[in-house]
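The values are calculated or read from the model by the stated rules, or taken from the named source; none is laboratory data. The shown structure was predicted, so the numbers you read here are calculated from the model rather than taken from an experiment. Cβ placement follows ideal geometry from the backbone for every residue including glycine, while neighbour counts extend to all protein chains displayed.
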Amino acid sequence: MDLNLRKAILSNIATNDQQQLEATIVDAINGEEKMLPGLGVLFELIWNQSQEQDKKEMVDALEQGVRSATQDLQ
């Protein structure tokens, strides 16, 4: 069986409007583990559509988030 996860996720969200896309993100963040691969695909779409400055800002925000999350783990 040849399963392309990226294509499957894109197919599942192809007709979603902004509210549905936001709900997908919120559900994944709030513990819907099965949704986590979808976040990766959504982030890939955002990244590929972003300018270099936007990418830098995302990486800066990610770095701050990682630092904050790891401090919470200690």
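When each of Leu62, Leu36 is tested for being in a helix (DSSP H, G or I), within 18 Å of Ser11 (Cβ to Cβ) and out of contact with any strand residue (DSSP E or B) (no Cβ under 9 Å at 6 or more places or on another chain), the lone residue that passes is Leu36.
Scanning the range 2-29 for residues that are in a loop (DSSP other than H, G, I, E, B) and modelled with pLDDT under 95 turns up Asp2, Leu3, Asn4.
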